[in-house]
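A quick write-up on the structure given underneath.
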Amino acid sequence: SFRAPTIGSAKPSRALWRRSTPLIFALFACTQAAAGDGEGSCPSPKMTLRFKVGDRIAANTSAGWQLGTVVALHYREPDWPEDRKSAPYQIELDEGDMIYAPEDSPELVRAEDQIPWHKKQQRAMATANVAQIYPAKAKHPDLFQPDNVDSWFVPALREALSEWQYTGDPKKIDIAKIPGLRLEAPGVVSFECLQPEFCDKLLEEAKHYSDTGMPQRAPNSMNNYGVVLNEIGLRPSFQRMLDGYMAGMAGLFFGEDDARPATLDGKPADLENWGGATVSDHHTFIVRYRPDEDRH
């Protein structure tokens, strides 16, 4: 994937490469190159490219497949050495960012109509404005009210987190009061969290959404069936859930060294710092398994 800041940025060129067999993804931050006639100057031989200036394409960026327009071919930056190969395309994304593709590869750049099917579904949901329209059709409208989030959690967990909610310090969480806390395996913990009534409502809401016939997309790269709860209007509620509850648990079990417990159930917990102290966003979804659909 590859990304550059918007036109006019004065940041120096930087490149970070991350190899993932069999594809190579690159993340770039770059300055604007002189655009003039739509092609940057290039001392190296110019290859034959699949797209031309003005073509609509889909680019595989660090944020996933995004739509844009080719604005220059054989792109170069002013400070590139002469022996560095030019980039095939400079692309202006529909969101406004300017990026460039390091290779003319279908894994990085495709025609607009070849965007992956799950991204087409995501665009259909955004175009249909589902997050704004669906809550009025919901089976359980109270799920869409962030002020109701506290009632989702079992009282004992709310009590265990009360001081953290006031101070923001994961070390203030009373581990002894976390209900049903268990070390399932090294680095894996479980605890009582959500009220059964809430779980039932959420499952009913997901089925209700599916039954409406409104647009749906694959919830993740491994599952084809389910509901992305963020995209049907539940993002504000789950953001409240993250900020008010799960961020504390993440900071306690997967945050800084001085916050993580060394042992649980009298055994080494083997918990690691996975950035739990800085968790701030979420992709919240339900997956559906059936014998004639996804089974694992």
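Could you list log10 I(q)/I(0) for segment 220-280 at q = 0.18 Å⁻¹, which the Debye formula gives when each Cα is one point scatterer?
For segment 220-280 at q = 0.18 Å⁻¹, log10 I(q)/I(0) is -0.76.
For segment 198-263, with all protein chains present and a 1.4 Å probe, just round the carbon and sulfur fraction of the accessible area to a whole percent.
Percent of accessible area from carbon and sulfur atoms in segment 198-263: 54.
When you take every Cα atom in segment 157-296, what is the radius of gyration, and what is Dmax, the widest Cα pair distance, in Å?
17.2, 51
Does segment 144-229 classify as rounded, prolate or oblate by the C-alpha gyration tensor (a ≥ b ≥ c root eigenvalues; a/c under 1.5 gives rounded; else a/b over b/c gives prolate, otherwise oblate)?
Details: a/c = 2.46, a/b = 1.77, b/c = 1.39.
Prolate is the answer for segment 144-229, as a/c is 1.5 or above and a/b outweighs b/c.
Can you give me the Cα centroid spacing of segment 152-166 and segment 228-254 in angstrom?
Comparing the Cα centres of segment 152-166 and segment 228-254, I get a distance of 14 Å.
The values are calculated or read from the model by the stated rules, or taken from the named source; none is laboratory data. Bear in mind the structure is a predicted one, so any value in this text is a computation, not a measurement. These accessible areas exclude ligands, DNA and RNA; they are computed on the full protein's heavy atoms, side chains included. Shrake-Rupley method; radii C 1.70, N 1.55, O 1.52, S 1.80 Å.
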